[in-house]
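Just below is one structure, and these are the notes that go with it.
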Amino acid sequence: MSKRIYRFGKGYSGVWLTEMDIELLYLLWEHRILSLKELKYYSEELYGVKKVTLARKFQRWREEKIVTSKKYGDLTVHYRLAKNGYSILEAEGKIVQGDSHYKELSAPANQLPHFFGIRDVVIRTLVEVRKLKQSVLSLAPATMPYFENGSESVKPIIIPDWIIANSKGFLNLEIDTGTENQTEIEEKIENYVKYTQQRSNEIHDVLIVVMDNKDKYFKYNKDFGKNRSRRVANVKKAVLAANAQNHSNLRFYVSPLCRAHYMACNILTGQSALSAAERSSEVDAIESLLQMNNQFDFEITRLSGTDFYLPEVNSSLYADGHLLLTKKGSDEKKVVLVKIMEEGSTECLDQLNYLNRLQAESRYKRNVDKIIAFYRTTAEFENDSLGKPPLQNVIFGIKEELMRDMGASPFTKNPSEFKKGIGTPL
């Protein structure tokens, strides 16, 4: 890794900076203020830099007015650029001359978890994406205001907490501290709908992140609680109440803080919002895994989806797979529908609710015995919150578990039963 020297003042021996050092300074410029914990996490995860080494580096930089520091709230040290830090980025061509517009943070104490929580999510997301060698832009909302067409001179129609963008579109991050009621959340959601309807050529994803205290590394003074599944479910309910889940260029996801960076990475890298072809491929893989499972004693025959739905049902609401199961050595038959789930997706939840409702109201054209909602990984299944009441006609499967253990029971009713290893029969 190449180095260059920067000198500040007469006779000074100078500071040697690597490409990683320049990257860290630019990271500070992009995000205004970052905690030492965030900087340590970024450097260790991506470059293997020891925490103590980075702490000493920033202490040296602080002495040379490259960065300045302050303790907020929980006494955690936070850094921002100082005069010489801006000069270095100008010399490197990373920013234009005089672009030192970030001032001292001034926010009420009760807003600090929100301010730093969003940065925790962003930094962790950048780490996950850059581990995959993919590029994204991390954008403060002020650098890309979302104006309603014809109203560029007034207040933006919606101000995300942060924006991460790449060739796939824009990921808008929203931190939820639990203080907004459902009406306020719905109003924010409706503004996203209004904004994106005016920009049909843009793809926007919105990830609403519910604060929690589950992380062992990043901590907050306020007690948000470790299990935030109820709040996650209620926010999803607000999205569905606003009917915001059915737009071609706008998708909503809701996540607890502890899962946000994984979900954000999946969205940015195209692992969420599966195409019809990808969903069909997932059903193929699950079918093969079920046939190899020691506790699954059925032969599988594919059925046509058009045989199940009335003409008024839009094909986007169809299940991803329609299967006839014939018990081996018997005439017993069952018909099941397969729905591939995406963690946190309000669209997937809406579609699963609809399939469940059709069965509860006997509105399929032919008999359906069960709906099987399949998650790709165990973590996705355990952390997704679908709310209450339970989906009485739905059982769950996990592709990862079928791949890991051919002797495991293939289906479960809910996460608590799954963790105990209790299988659910068809």
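The values are calculated or read from the model by the stated rules, or taken from the named source; none is laboratory data. Predicted model only: the values in this text are computed from it and were never measured. Here Cβ is always computed from backbone atoms with ideal geometry, including for glycine, and neighbour counts include all displayed protein chains. Please note that ligands, DNA and RNA were not included when accessible areas were found on the heavy atoms of the full protein model with its side chains. Shrake-Rupley method; radii C 1.70, N 1.55, O 1.52, S 1.80 Å.
Computed quantities for the displayed model
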{"quantity": "5 angstrom amide H check on residue 250, placed H, neighbours 5+ away", "calculated": "204"}
{"quantity": "Flagged links, alpha-carbon separation over 27 Å, of 71/216; 71/133; 131/388; 65/94", "calculated": "71/133; 131/388"}
{"quantity": "In sequence order, calculated HN-Hα J values of the stretch 16-31 (Karplus, 6.51, -1.76, 1.60; Hz; x Gly/Pro)", "calculated": "8, 10, 8, 4, 5, 4, 4, 4, 5, 5, 5, 4, 5, 5, 5, 10"}
{"quantity": "Pairs of alpha carbons in the stretch 239-367 whose separation is greater than 22 Å (percent)", "calculated": "47"}
{"quantity": "Karplus-derived HN-Hα couplings along the stretch 197-206 (A = 6.51, B = -1.76, C = 1.60, θ = phi - 60°), whole Hz, x at Gly and Pro", "calculated": "5, 7, 9, 5, 8, 10, 9, 10, 10, 10"}
{"quantity": "Over the stretch 293-381 - Rg/Rh using Cα atoms and the Kirkwood inverse-distance radius", "calculated": "0.99"}
{"quantity": "Per-residue [θ]222 nm for the chain (sum of -39500 (n - 2.57) over DSSP H runs n ≥ 4, rounded to 500)", "calculated": "-11500 deg cm²/dmol"}
{"quantity": "Set of lysines near residue 333 by C-alpha distance (under 30 Å), chain-local residues within fewer than 8 positions excluded", "calculated": "365, 370, 399, 413, 419, 420"}
{"quantity": "Charged-residue dipole, Cβ positions (Lys, Arg, Asp, Glu), the chain about Cα centre, Debye nearest 20", "calculated": "1580"}
{"quantity": "Residue-normalised accessible area of the stretch 224-336, expressed per residue, 1.4 Å probe, Å²", "calculated": "46"}
{"quantity": "Choice from 92, 400, 128 showing the highest fluctuation, given a GNM over the chain with Cα pairs closer than 10 Å", "calculated": "92"}
{"quantity": "Amide H partners (placed H, <5 Å) of residue 321, local residues excluded", "calculated": "338"}
{"quantity": "Heavy atoms of residue 263 accessible to a 1.4 Å probe, total area in Å² rounded to 10", "calculated": "10"}
{"quantity": "Qualifying lysines (Cα of each under 25 Å from Cα of residue 194; at least 8 residues distant if same chain)", "calculated": "155, 168, 236, 237"}
{"quantity": "Anchor residue 219: aspartates and glutamates whose Cα lies under 14 Å away (excluding residues fewer than 8 positions away in-chain)", "calculated": "38, 74, 120"}
{"quantity": "Value of relative contact order over the chain, rounded to a whole percent, pairs C-alpha under 8 Å and six or more apart", "calculated": "10"}
{"quantity": "Surrounding net charge for residue 190, when Lys and Arg each add one and Asp and Glu each subtract one, Cβ distance under 13 Å", "calculated": "-2"}
{"quantity": "Among (1) 31.2, 113; (2) 25.0, 92; (3) 24.6, 81, the entry derived from the coordinates for Rg and Dmax of the Cα atoms in Å", "calculated": "(2)"}
{"quantity": "Total formal charge among the other residues, if their Cβ is under 12 angstrom from that of residue 140, Lys/Arg +1 and Asp/Glu -1", "calculated": "0"}
{"quantity": "Exposure rank, largest accessible area first [184, 90; 1.4 Å]", "calculated": "184, 90"}
{"quantity": "Those trypsin sites (Lys or Arg not before Pro) in the stretch 362-404 that DSSP places in a loop and that have at most 16 other beta carbons within 10 Å", "calculated": "363, 365, 366"}
{"quantity": "For the stretch 406-413, Karplus couplings with θ = phi - 60° (6.51, -1.76, 1.60), whole Hz, Gly/Pro x", "calculated": "6, x, 6, 4, x, 10, 9, 8"}
{"quantity": "Accessible carbon and sulfur surface of the stretch 238-323 relative to its total accessible area, %, 1.4 Å", "calculated": "46"}
{"quantity": "DSSP-assigned coil residues among chymotrypsin sites (Phe, Trp or Tyr not before Pro) in the stretch 4-75, each with at most 11 further Cβ atoms within 10 Å", "calculated": "12"}
{"quantity": "Placed amide H near residue 72: partners under 5 Å, 5+ positions off or other chain", "calculated": "78"}
{"quantity": "Residue-level accessible surface for residue 320, protein heavy atoms, 1.4 Å, Å²", "calculated": "40"}
